[in-house]
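Everything below concerns the one structure shown next.
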Amino acid sequence: MQYGLSLPTGGECGHPSFLVDLACRAEEVGWEGVFLEDYVCYQGDPATPTCNTWIALSAIAARTQRIRLGTEVTPLARRRPWNVAREAAGIDQLSRGRMILGVGLGDTGEAVGVDASFTRFGEESDPRRRGELLDEALEIIAGLWTGQPFSFRGKHFAIDGVTFLPRPVQEPRIPIWIGGGYPNPHPTRRAARWDGSCLYRETYGGPWEDMTPDDVRALRRAAGDRPYTIAVGGSGRGEDWDAQREHIRAVAEAGADWWIEWVPPSDRQTMSESVERGPLLIE
């Protein structure tokens, strides 16, 4: 099991220098990955201080040596996929092959009405169309990363004969992890087609529930007999650390590869302490 931190990009982390400091400290104390949320307006609030995820990842790549870096998740439906391809490839080059691209649909359902990252900028709000945009964008990004002449004709995007160089460092490409609500069929099937999953358990507005060992085994079966990464977790640390360790042990035995712990937005001291206590390692 590897251990990652999911860091916010709003509030105090709206200042990129503090976000970079947290990531550097995470590497020092033994975390193995840092994953940034990706908002235009943090958690849908049009007035909250918000850091550009890709600027912060670039700085983290230059300041760290070992830790994996990534997004959890980038809502590709509101991005130009060729820009994401360039940005992610650049971070992979800066970090010497440590980038992971986590993608998803973005907030849907009731959340669409309050997510300023979509609504204040006229972005697509229909989940079905967002899914179409996401799937086409993934094909484009993977095609551009080959470093070969690439063209594309889809319902939403078109590209005429371009070659993106330099390529990412990683072979065959930067890993693409798919986020979304499990066991909803669309994100679950989409996750099985790519390199990994960072799904959360869908509770339809109810309290948070962790992915179970049975969920992990089902994802592993769906991915088939090939290299495939399953990242679980995604909530803040619970009060009962022993119980959480036992859950981490159980999902690891079921086939999970990463445990991701979210650091909620707070004051700088509280967030720094959450990073510095290190991961809940299992023996």
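Key figures
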{"read-out": "Every pair of residues 6+ apart whose Cβ atoms lie under 7 Å, when the first sits in the stretch 149-166 and is of a type in the set (Ser, Thr, Tyr) while the second is open to solvent by 60 Å² or more (accessible area, probe 1.4 Å) and assigned to a loop (DSSP other than H, G, I, E, B)", "value": "163/148; 163/149"}
{"read-out": "Residues (open to solvent by 10 Å² or more (accessible area, probe 1.4 Å) and closer than 17 Å to residue 100 by Cβ) located in the stretch 30-48", "value": "32, 37, 38"}
{"read-out": "Some residue of the stretch 13-29 being surrounded by fewer than 23 Cβ atoms within 10 Å (Cβ to Cβ) and at positive phi", "value": "no"}
{"read-out": "Qualifying residue in the stretch 207-228 (condition: under 30 Å from residue 147 (Cβ atoms), in contact with a Ser or Thr (Cβ under 9 Å, 6 or more places away or on another chain) and part of a loop (DSSP other than H, G, I, E, B))", "value": "yes"}
{"read-out": "Per-region count, the stretch 151-181, residues in a loop (DSSP other than H, G, I, E, B) and either over 15 Å from residue 80 (Cα atoms) or open to solvent by 20 Å² or more (accessible area, probe 1.4 Å) (or both)", "value": "18"}
{"read-out": "Some residue of the stretch 102-116 being modelled with pLDDT under 95, assigned to a helix (DSSP H, G or I) and open to solvent by less than 10 Å² (accessible area, probe 1.4 Å)", "value": "yes"}
{"read-out": "Options 124, 132; residue that is in contact with a Lys or Arg (Cβ under 8 Å, 6 or more places away or on another chain), farther than 28 Å from residue 257 by Cβ, open to solvent by 40 Å² or more (accessible area, probe 1.4 Å) and part of a loop (DSSP other than H, G, I, E, B)", "value": "124"}
{"read-out": "Filter result for the condition that a residue is under 20 Å from residue 30 (Cβ atoms), in contact with a Ser or Thr (Cβ under 8 Å, 6 or more places away or on another chain) and open to solvent by 20 Å² or more (accessible area, probe 1.4 Å), over 257, 242", "value": "257"}
{"read-out": "Residue pairs meeting the criteria (Cβ under 6 Å; at least 6 apart or on separate chains; first aromatic (Phe, Trp, Tyr), in the stretch 1-14; second in a strand (DSSP E or B))", "value": "3/259"}
{"read-out": "Residues of the stretch 260-283 satisfying the condition of being in contact with a helix residue (DSSP H, G or I) (Cβ under 6 Å, 6 or more places away or on another chain) and open to solvent by less than 50 Å² (accessible area, probe 1.4 Å)", "value": "263, 275, 278, 280, 282"}
{"read-out": "Filtered residue count, the stretch 55-99, keeping only those that are part of a helix (DSSP H, G or I), within 16 Å of residue 24 (Cα to Cα), open to solvent by 10 Å² or more (accessible area, probe 1.4 Å) and not polar (S, T, N, Q)", "value": "5"}
{"read-out": "Subset of the stretch 194-210 [over 20 Å from residue 261 (Cα atoms), in contact (Cβ under 8 Å) with a residue 40 or more places away in the chain and crowded, with 16+ Cβ neighbours inside 10 Å]", "value": "194"}
{"read-out": "Sole exception among (1) over 21 Å from the mean Cα position of the chain (by Cα); (2) not in a strand (DSSP E or B) for residue 189, by number", "value": "(1)"}
{"read-out": "Enumeration of residues in the stretch 18-57 that are more than 22 Å from residue 84 (Cα to Cα) and among the hydroxyl-bearing types (Ser, Thr, Tyr)", "value": "48"}
{"read-out": "Residue within the stretch 211-233 that is buried (at least 17 other Cβ atoms within 10 Å of the Cβ), of a type in the set (Ser, Thr, Tyr) and modelled with pLDDT of 95 or more present", "value": "yes"}
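The values are calculated or read from the model by the stated rules, or taken from the named source; none is laboratory data. What you see is a predicted model; the values in this text were computed from it and never measured. Cβ sites come from the backbone with ideal geometry, for glycine too, and all protein chains shown count toward neighbours. Just the protein is used for accessible areas: all its heavy atoms, side chains included, with ligands, DNA and RNA removed. Shrake-Rupley method; radii C 1.70, N 1.55, O 1.52, S 1.80 Å.
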